[in-house]
Amino acid sequence: MTHPGRSDGGWRAIPQPSSFRPSGGVWAPQRVRVVADATALRREAERIEAELAAAGIEPARSAADPTLRLTLPPATEPAPSPSAVAAAGAEGEALPDESFRIRIADDVTVTAASPAGAFRATRQLLHNLRAQGAVPRGTVVSAPAVAERGLHLDTGRKHYPAEWIVAQLRAAADVGINVVQWHFSENEGFRIESAAFPEIVSAEHITRAEAAEVVATARDLHIELVPSLDMPGHLRHTLAAHPGLRLPEAPGLATDHALDITREDPIRFALALIDDLIPVFPHSSRWNLGGDEFVDFDRMAEFPALATAARERYGPDGTGFDLLTAFVNRVAAHVRAHGLQARAWNDGLLRSAAEHLDPEVVLTWWTNWNAGMRPVADALAAGHRVVNVNDALFYYVLGENAGYRYPTAERIWAADWHPGLFPAQWGPGGQGAVRQELVRPYPALLLGVSFAVWSDRPDAQTPAEVAEGIRAPLRAMAERAWNAGSALSLEEFAAVDTAIGAAPPTARCAEGVRA
């Protein structure tokens, strides 16, 4: 067996398939007949036929022309490459099994476990056509090492036009990203139209009509769209319109961004805001409620309102972490009642002695920079599912704020990153880094990974510069996330990345979504 992607005319695609057995020669027809053997695959057949036509391969004129056949395995057969990751998580929360097999001879047969798997397979064919004008003949078998490969977009601090968001969905889907977290609220802005609270909406924002196009595009591209409405912190812009809901002032400490979680009215406002936005995302099954950077956690006891309320509710040992955990649990129960899985950032959680964090809350694990933050092992021991958002490697922070450096494929390869490699756990004063790593076979509690764009200094880059800047590192994550690492060298990866180029505009989408 030769490894895919080598510089010997091999398989040119990102992510690389799990295996490729070449049989010699290439598939490069002038015309092709596309056939869907299952009703569920008709959209994928229409899509690839249009994409091939755009690449210069015309629709078939006769039955003698080569056939590209899309098929689902019979009920009596297993999926092309069974993958346990598809079943990760609670019932009803699993993403589709994306495994697939491609046999390339005079005809091409794609056998996929789901329409999403067929979509992944056809991206592989298109990458080869873009990179080398032909598809090597042989057999490809592939399945992802983790179910989720994500991209987080902070559109709260910086306004990105709807067209830009749609373009990022297409670019991400092209390389196997299947989850996009849309972070539309921040201290600096609220960037999506609110029907119930128009007073909080920034001048530059996404309308509901534009949001509907984003939502439909994501669905068509087999991307799970995760709304991200951070609370009880990160609410400065929203609370500027409702100052009476802020956490009371504390000497020398910032509270203008923090919801007063010691009172019922502010909490009810937060829940009403969620209710107002849920209809914008009719196909979503996940919701990130935030929970991070509520206040200065190292000085939690110095906030009088939190200290007093915690003692009243939990006794003399009560802390603000108890109140924060109770708030997260309440919001999680609220979104669950709407059929949504709750997610939250890890830094302030698992730190309560009086409140047990709801074990159904998925933790998006971004950092362990502070010694007070609990290790990943504690989350797994408590039964929490986790998504690895390693801030040391995957935080694209505009202006390189807070000491971050823009991610690069070089650093990702140098770290030999794979989905189980989390950010290091640091001791007091940033000393004594402890490696946090899960090895294969990964536990079912590891749902996946994510890259994150944070717009801290919004004017540092234009949207076009952001799109160009994230391309290579996002593709590096996509390659290593799908394969639990990569057999490609950095040079080989870079060559494939350059060869496949950017994804061209897609064919007109179904159900009225513009291409």
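Nothing in this text is a laboratory measurement; each read-out follows from the coordinates by a stated rule. All values derive from a computational prediction rather than experimental measurement. Heads up, the Cβs are rebuilt from the backbone with ideal geometry, glycines too, and the neighbour counts pull from every protein chain shown.
Report the gain in length on full extension from Glu468 to Ala337: 0.36 nm times residue separation, minus Cα-Cα distance, nm rounded to one decimal. If you can, show how the numbers build up before the last one.
Details: separation 131, 0.36 × 131 = 47.16 nm, distance 3.95 nm.
Length gained between Glu468 and Ala337: 43.2 nm.
If r is the Cβ-Cβ distance from Arg263 to Thr39 and R0 is 41 Å, what FRET efficiency results, to the nearest 0.05?
Working: r = 53 Å, r/R0 = 1.30.
After rounding, the FRET efficiency stands at 0.15.
Considering amide H positions built from the backbone, and no H for Pro or chain starts, which residues 5 or more places from Val35, or on another chain, come under 5 Å of its amide H?
HN-HN under 5 Å from Val35: Leu68, Arg69, Leu70.
What's the FRET efficiency of Asn370 with Gln30 using the Cβ-Cβ distance as r and R₀ = 56 Å, to the nearest 0.05?
Numbers: r = 61 Å, r/R0 = 1.08.
Taking R0 as 56 Å, the efficiency between Asn370 and Gln30 is 0.40.
If I model a spin label at Glu46 and Glu437 as a point 7 Å from the Cα along the Cα→Cβ vector, what separation in nanometres do I get?
4.8
Return one number: the angle in degrees, 0 to 90 and rounded to the nearest 10, between the long axis of the Cα atoms of helix 320-337 and the longest principal axis of the Cα atoms of the chain.
Long axis of 320-337 versus the principal axis of the chain: about 50 degrees.
Please state the relative contact order of the chain as a whole percent: Cα pairs under 8 Å, 6+ residues apart? Display every interim value, and only then the final one.
On the way: 1092 pairs, mean separation 78.3, N = 515.
Once normalised by length, the contact order is 15 percent.
Beta carbons within 10 angstrom, averaged per residue: use that to sort the peptides 325-337, 17-29, highest first. Spell out each step's value before the answer.
Values: 325-337: 19.4, 17-29: 16.5.
In descending order of packing, they fall as 325-337, 17-29.
Using the Cα centre of region 148-484 as origin and beta-carbon charges of +1 (Lys, Arg) and -1 (Asp, Glu), tell me which of Thr238, Pro443, Ala332 is placed farthest towards the positive end of the dipole.
Pro443
Taking the dipole about the Cα centre of the chain, with the C-beta of Lys and Arg at +1 and of Asp and Glu at -1, give me whichever of Leu357, Leu72, Asn483 is farthest to the positive side.
Leu72
Once every DSSP H run of n ≥ 4 in the chain is given -39500 (n - 2.57) and the sum is divided by its residues, what mean residue ellipticity at 222 nm do you get, rounded to the nearest 500 deg cm²/dmol?
Numbers: 13 runs with 153 residues, N = 515.
Value at 222 nm, helices only, nearest 500: -9000 deg cm²/dmol.
As a test, work out the antiparallel percent of DSSP beta bridges whose residues both lie in region 148-484, rounded to the nearest 5.
Values: 7 of 41 bridges.
The answer is about 15 percent antiparallel.
If each of Ala240 and Leu271 carries a label point 7 Å out from its Cα toward its Cβ, how far apart are those two points in nm?
Taking the two extended label points, one gets 2.9 nm.
Which value in nm describes the separation of the simple spin-label points at Arg330 and Arg61, placed 7 Å from the Cα toward the beta carbon?
7.1
Express in nm, to one decimal, how much length is gained between Thr207 and Ser23 on full extension, taking 0.36 nm for each residue of separation and deducting their alpha carbon distance. If you can, show how the numbers build up before the last one.
Values: separation 184, 0.36 × 184 = 66.24 nm, distance 5.15 nm.
Between Thr207 and Ser23, full extension yields an extra 61.1 nm.
Through the Karplus equation 6.51 cos²θ - 1.76 cosθ + 1.60, θ set to phi - 60°, convert the phi angles of region 243-258 into ³J(HN,Hα) values in whole Hz; use x for Gly and Pro.
x, x, 9, 6, 4, x, 4, 10, x, x, 10, 6, 9, 5, 9, 10
Considering the alpha-carbon set of region 377-468 alone, what are its Rg and its Dmax in angstrom?
15.0, 43
Taking the chain as the reference, fit the longest principal axis to its C-alpha atoms, fit the long axis of helix 264-277 to the helix C-alpha atoms, and give the angle between the two in degrees, 0 to 90, nearest 10.
Compared with the principal axis, the helix lies near 20 degrees.
List, in order, the whole-Hz ³J(HN,Hα) value for each residue of region 58-71 obtained from phi through the Karplus relation with A = 6.51, B = -1.76, C = 1.60 and θ = phi - 60°; use x for Gly and Pro.
Each residue's phi maps through the Karplus curve to give 7, x, 4, 9, 8, 5, 7, 5, x, 10, 10, 10, 9, 9 Hz.
What does the charge add up to near Val387, with Lys and Arg as +1, Asp and Glu as -1, over the other residues with Cβ less than 11 Å from its Cβ?
Numbers: positive: Arg149, Arg286, Arg343, Arg385; negative: Glu148.
With Lys, Arg at +1 and Asp, Glu at -1, the neighbours total +3.
Hey, what angle do you get for helix 115-132 against the long axis of the chain, alpha-carbon based, 0 to 90 degrees rounded to 10?
Orientation of helix 115-132: about 60 degrees from the principal axis.
For His283 and Ala402 in the same chain, what is the full-extension length gain: residue separation times 0.36 nm, less their Cα-Cα distance, in nm? Provide the component values of the computation, followed by the final result.
Working: separation 119, 0.36 × 119 = 42.84 nm, distance 3.50 nm.
Length gained between His283 and Ala402: 39.3 nm.
Suppose every K and R has +1 on its Cβ and every D and E has -1 on its Cβ; what is the size of the dipole of the chain about the Cα centre, in Debye to the nearest 20?
Details: 47 positive and 63 negative charges, 314 e Å.
Computed charge dipole of the chain: roughly 1500 debye.
Using amide H atoms built in the peptide plane, which far-off residues or other-chain residues are under 5 Å from Ile206 H to H?
Correct list: Ile192, Glu193.
What does the charge count around Glu293 come to, taking other residues whose C-beta lies under 10 Å from its C-beta (Lys +1, Arg +1, Asp -1, Glu -1)? Numbers along the way, then the final one.
Numbers: positive: none; negative: Asp230, Asp292, Asp296, Asp347.
Residues close to Glu293 contribute a combined charge of -4.
Would you please classify the overall shape of region 148-484 from the alpha carbon gyration tensor, given that a ≥ b ≥ c denote the square roots of the eigenvalues, rounded means a/c under 1.5, and beyond that prolate means a/b larger than b/c while oblate covers the rest?
Values: a/c = 1.55, a/b = 1.15, b/c = 1.35.
Because a/c hits 1.5 or more and a/b fails to exceed b/c, region 148-484 counts as oblate.
What is the calculated FRET efficiency for Glu302 to Arg457, with r their C-beta to C-beta distance and R₀ = 30 Å, to the nearest 0.05? Don't jump to the answer; show the numbers that get you there.
Working: r = 29 Å, r/R0 = 0.96.
The pair Glu302/Arg457 has a calculated efficiency of 0.55.
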